[in-house]
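Since the structure comes first, as structure tokens, the remarks are kept for the end.
The values are calculated or read from the model by the stated rules, or taken from the named source; none is laboratory data. Keep in mind that what you see is a predicted model, and the values were worked out from it rather than measured. Glycine gets a Cβ as well: all are built from the backbone with ideal geometry, and neighbour counts include every protein chain shown. Side chains included, ligands, DNA and RNA excluded: accessible areas come from the protein's heavy atoms. Shrake-Rupley method; radii C 1.70, N 1.55, O 1.52, S 1.80 Å.
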Amino acid sequence: MVGQQTSLAELTGRYVGKSFSECSCMELAYSWYTEIGVDVPFSFDGLTVDNYFPVWEKDRKAVINIMLELFSTLGEPVADFTRLQRHDLLAVQEKNNIYAAIYLENSMAITSNIAYGVRVFFLGKRHRVIAARRFSPCRKR
């Protein structure tokens, strides 16, 4: 499993409480995976970690589609959402929005929300996993 070198509490503590302007959901995912030694792209199909949010504000549907396309290129798919593992990358749907999140454990995930910033939340009916990807074990750089 990826991320064995850093405790989950330590890693989570580095991000929880940051505002969305400090750390968007895509910035969180990029930083989290880079920190645990997973090679994830900084840019994809014209979007970068830096321009993701301004572009999303102009065309949410297009950006969500690009995000989901990017997800399909990362790691391996997790078909059974009842078998999620720590550090799985999630696409979560909440009402009419889809966003990136990272599975922690015990049905909890971490994301960055526009209104609340980086937070930990429970997955379930309100926050529904629609896609999950798992990264192979790797060594921290």
Pick out the one residue from E27, E105, E76 that is closer than 26 Å to T6 by Cβ, out of contact with any Phe, Trp or Tyr (no Cβ under 7 Å at 6 or more places or on another chain) and surrounded by 14 or more Cβ atoms within 10 Å (Cβ to Cβ). E27
Filtered residue count, the range 95-105, keeping only those that are at pLDDT below 95 and either under 23 Å from L70 (Cβ atoms) or not in a strand (DSSP E or B) (or both): 6
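Picking from D59, D50, D45, D80, which residue would you name as being of a type outside the set (F, W, Y) and within 17 Å of W32 (Cβ to Cβ)?
Step by step, each of D59, D50, D45, D80 is checked, and only D50 is of a type outside the set (F, W, Y) and within 17 Å of W32 (Cβ to Cβ).
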All but one of (1) crowded, with 19+ Cβ neighbours inside 10 Å; (2) not in a strand (DSSP E or B) hold for V129; state the number of the condition that does not hold. (2)
Of all residues in the range 107-125 being modelled with pLDDT of 95 or more and part of a loop (DSSP other than H, G, I, E, B), the one that is nearest to W56 (Cα to Cα): L123
Is it true that some residue in the range 80-98 is among the acidic types (D, E), on the phi < 0 side of the Ramachandran plot and touching a residue at least 60 places away in the same chain (Cβ under 8 Å)? no
Has the range 40-60 got at least one residue that is of a type outside the set (D, E, K, R), within 13 Å of the chain's Cα centre (by Cα), on the phi > 0 side of the Ramachandran plot and open to solvent by less than 50 Å² (accessible area, probe 1.4 Å)? no
Filter the range 3-24 down to residues that are in contact with a strand residue (DSSP E or B) (Cβ under 6 Å, 6 or more places away or on another chain) and open to solvent by 60 Å² or more (accessible area, probe 1.4 Å) and give me whichever is farthest from R119 (Cα to Cα). K18
Looking at V92, V63, which one is in a helix (DSSP H, G or I) and either open to solvent by less than 60 Å² (accessible area, probe 1.4 Å) or polar (S, T, N, Q) (or both)? V63
Take V2 and decide whether it is in contact with a Cys (Cβ under 7 Å, 6 or more places away or on another chain), at pLDDT 90 or above and not in a helix (DSSP H, G or I). no
